[in-house]
Amino acid sequence: MENTKFSCVESELIDRELNKKSCNKMKYAIGGIKAEKLKNAIIGAIKSPRLATHKLWALAVTAITLLLWVYGVQLTTFQEETAGSAVMKYEPKSPFPPERVYNNNGYLMVYSNGGLNQMRAGICDMVVIARYLNVTFVVPELDNTSFWQDRSEFQDVFDTEYFIKSLRDRVRILKELPSEEKGKWKRGLAYYMPPRSWSNMSYYNNTILPYIRKYKVVHFVKTDTRLANNDLPEEVQKLRCRVMYKALRFSAPIEMMGEKIVRVLREKGPFLVLHLRYEMDMLAFSGCTEGCNDQEVKELTEMRYAYPWWKEKEIDSNKKRQAGLCPLTPEETALALRALEISPNIQIYIAAGDIYGGERRIAGLRAFYPNLVKKETLVPASDLEPFQNHSNQMAALDYLVSLASDIFVPTYGGNMAKVVEGHRRYLGYKVTINLDRLSIVNLIDQYRNGTLSWNEFSQAMKATHAEKMGSPTERLKIPGKPKVEDYFYSNPEECLPPLVPSSKTDPKSFYNIQSKG
């Protein structure tokens, strides 16, 4: 009975093992012997009293060996599959495009001159030029010698790695020249030049490319407005947009601090960003002294003469103001906003440096708009400490807040005003009130001398600005006069949705934006 019972248990064990998927591998290993025959042989050996004991043990050992081999094969396969899955799991697809392969004609180095947004626009144009000349672009050197004396380097202001990798399907960008070319550059063998302003692609192909092929390294000593606004191939214009609005993002510390400031503002409700260009350097440069006392006029004049590269010295402030060429004063700005019926409860974020004249000059604006704030009043001083004494980094924070605002209002048509306007168009025609300074100063003077009543003044202001709210419009083109036509980066029309008349902004939709509380 013991033997019979043992035989049945053994038979069931063999059946279970031989019916598994690994049976196919075992069949192949033993040269085609069928599993069923092996099972019957073992059972018969156990039952048969005539079978020698050593044969029984031999068959049993063979069966066990084969079973162990099957388990080994299964375990190895499982480990290989698991390892392969692990590799796939921890090697995600790169978020960046594949590198572009092309025959390199040489290297383009640039010195980016001007303030933050002048440099940004110039860098974007230089990337486009490098792409279409098939040259390697070297990460730019930023202007450290302008009025602000900002010693920030490219990586302090921009995300260098993202800039390089996000554009690698269009142009090869290096952080510095290869060692051999750097040696030539240090020995003065590179070619230095300022490219011609407002040039088209044929100028760079016909004039600049031969220099690159000859010297291998060409260094542009100026980058501002070196590419035309209009009459360029559409792919050129779209690449300018891609660099400006996607690739050339700010460094992580700047992006995070910008997000924090916006979050603090949003918690309190809607906000308007006022780019109030009433800083000392702006007034000295422009010669605009409306509302200044005699001592301030003297101080601003002395400053203008102290900078030899500010070419205009003798300036009639009143004539310039009447021509609409001066930044609006805080008092004029307050009247303009009130006439447009911007709610007195809205938060107004001042995107600017120190207002010339301090609280005395800002008091007129604060009287009507008490919720005036700046980044310095929204976050602790310790948060801004890493950015202090770096005007470009501080300007970058203001830029990010300006993009996020419900309304953006520049009081002067400088580079930041133009670039922010274009970026807000790109983001969906966000409301940007382009104050018509020529009309405003004329209307304000009439209101002040009693020629216009307040209601008449307000209605005239609304009518004047009905089509100046950042709504879709064609870029103004004036052949032969690039300085007075619309700037490409203020209205990158080739990168925007087609013009639809019904998409124009209705001014009434935001006149009475209210803050919480």
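The values are calculated or read from the model by the stated rules, or taken from the named source; none is laboratory data. Nothing here was measured: the structure is a model prediction, and the numbers come from that model. Neighbour counts run over all protein chains shown; Cβ positions are idealised from the backbone, glycine included. Only protein heavy atoms, including side chains, enter the accessible area calculation; ligands, DNA and RNA are left aside. Shrake-Rupley method; radii C 1.70, N 1.55, O 1.52, S 1.80 Å.
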For MET109, work out the one condition from (1) hydrophobic (A, V, I, L, M, F, W, C); (2) open to solvent by 10 Å² or more (accessible area, probe 1.4 Å); (3) within 18 Å of PHE387 (Cα to Cα) it doesn't fulfil.
-> (3)
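For LEU300, state whether it is open to solvent by less than 20 Å² (accessible area, probe 1.4 Å) and touching a strand residue (DSSP E or B) at 6+ places or on another chain (Cβ under 9 Å). Talk me through it step by step, then tell me what you get.
Working: open to solvent by less than 20 Å² (accessible area, probe 1.4 Å): yes; touching a strand residue (DSSP E or B) at 6+ places or on another chain (Cβ under 9 Å): no.
So LEU300 does not fit the description; no.
Could you check how many residues of the stretch 373-393 are of a type in the set (A, V, I, L, M, F, W, C) and surrounded by 21 or more Cβ atoms within 10 Å (Cβ to Cβ)?
Just the residues of the stretch 373-393 that are of a type in the set (A, V, I, L, M, F, W, C), to begin with: 373, 378-379, 381, 384, 387.
Applying the additional criterion that residues be surrounded by 21 or more Cβ atoms within 10 Å (Cβ to Cβ) yields none.
Qualifying residue count for the region: 0.
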Looking at the stretch 286-297, which of its residues are crowded, with 16+ Cβ neighbours inside 10 Å and either in a helix (DSSP H, G or I) or out of contact with any helix residue (DSSP H, G or I) (no Cβ under 9 Å at 6 or more places or on another chain) (or both)?
-> SER286, GLU296
Hits in the stretch 399-409 - residues which are touching a Leu at 6+ places or on another chain (Cβ under 9 Å) and open to solvent by 10 Å² or more (accessible area, probe 1.4 Å) = LEU403, ALA404, ASP406
So, of the residues in the stretch 421-458 that are under 40 Å from the mean Cα position of the chain (by Cα) and of a type in the set (Lys, Arg), which turns out to be surrounded by the most Cβ atoms within 10 Å (Cβ to Cβ)?
-> ARG425
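Restricting to the stretch 120-139, name every residue that is part of a loop (DSSP other than H, G, I, E, B) and surrounded by fewer than 22 Cβ atoms within 10 Å (Cβ to Cβ). Before you say what the answer is, go through the steps one by one.
We begin by selecting, within the stretch 120-139, every residue part of a loop (DSSP other than H, G, I, E, B); these are 134-135, 139.
Once the filter is applied, which keeps residues that are part of a loop (DSSP other than H, G, I, E, B) and surrounded by fewer than 22 Cβ atoms within 10 Å (Cβ to Cβ), the stretch 120-139 yields ASN134, VAL139.
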Do any helices (runs of 4 or more DSSP H) lying entirely in the stretch 354-447 carry at least 2 residues that are touching a Phe, Trp or Tyr at 6+ places or on another chain (Cβ under 9 Å), and which ones are they?
-> 359-368, 375-378, 391-404, 415-426
Which of (1) in a helix (DSSP H, G or I); (2) in contact with a Pro (Cβ under 7 Å, 6 or more places away or on another chain); (3) among the hydroxyl-bearing types (Ser, Thr, Tyr) does TYR211 not meet, given it meets every other one?
-> (2)
So which residues in the stretch 312-355 are open to solvent by 20 Å² or more (accessible area, probe 1.4 Å), more than 17 Å from HIS465 (Cβ to Cβ), in contact (Cβ under 8 Å) with a residue 40 or more places away in the chain and more than 30 Å from the chain's Cα centre (by Cα)?
-> GLN322, ALA323, LEU325, GLU331, ASN345
Please identify the pairs in which a residue from the stretch 241-270 that is farther than 16 Å from MET394 by Cβ and touching a residue at least 12 places away in the same chain (Cβ under 8 Å) has its Cβ atom under 7 Å from the Cβ atom of a residue that is in a helix (DSSP H, G or I) and basic (Lys, Arg), counting only partners at least 6 apart or on another chain.
-> MET244/ARG120; LEU248/ARG120
Looking at the stretch 214-243, which of its residues are in a loop (DSSP other than H, G, I, E, B), within 17 Å of PHE137 (Cα to Cα) and of a type outside the set (Lys, Arg)?
-> VAL221, THR223, ASP224
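Considering every residue within the stretch 184-199, establish whether at least one is under 30 Å from GLU255 (Cβ atoms), open to solvent by 50 Å² or more (accessible area, probe 1.4 Å) and touching a Phe, Trp or Tyr at 6+ places or on another chain (Cβ under 8 Å). Before the answer, list the steps.
Restricting attention to the stretch 184-199, the residues satisfying the condition of being under 30 Å from GLU255 (Cβ atoms) are none.
No, the conditions are met nowhere in the stretch 184-199.
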Residue list for the stretch 263-285, filter: within 30 Å of ALA306 (Cα to Cα), open to solvent by 10 Å² or more (accessible area, probe 1.4 Å) and assigned to a helix (DSSP H, G or I) = MET280, ASP281, MET282, PHE285
Of the numbered conditions (1) over 21 Å from ARG240 (Cβ atoms); (2) modelled with pLDDT under 95; (3) in contact with a strand residue (DSSP E or B) (Cβ under 7 Å, 6 or more places away or on another chain), SER179 satisfies every one except a single condition; which is it?
-> (3)
Select from the stretch 461-494 the residues that are small (Gly, Ala, Ser) and open to solvent by 50 Å² or more (accessible area, probe 1.4 Å) and write down the one among them that is modelled with the highest pLDDT.
-> ALA463
Is there a residue being over 28 Å from the mean Cα position of the chain (by Cα) and at negative phi anywhere in the stretch 150-163?
-> no
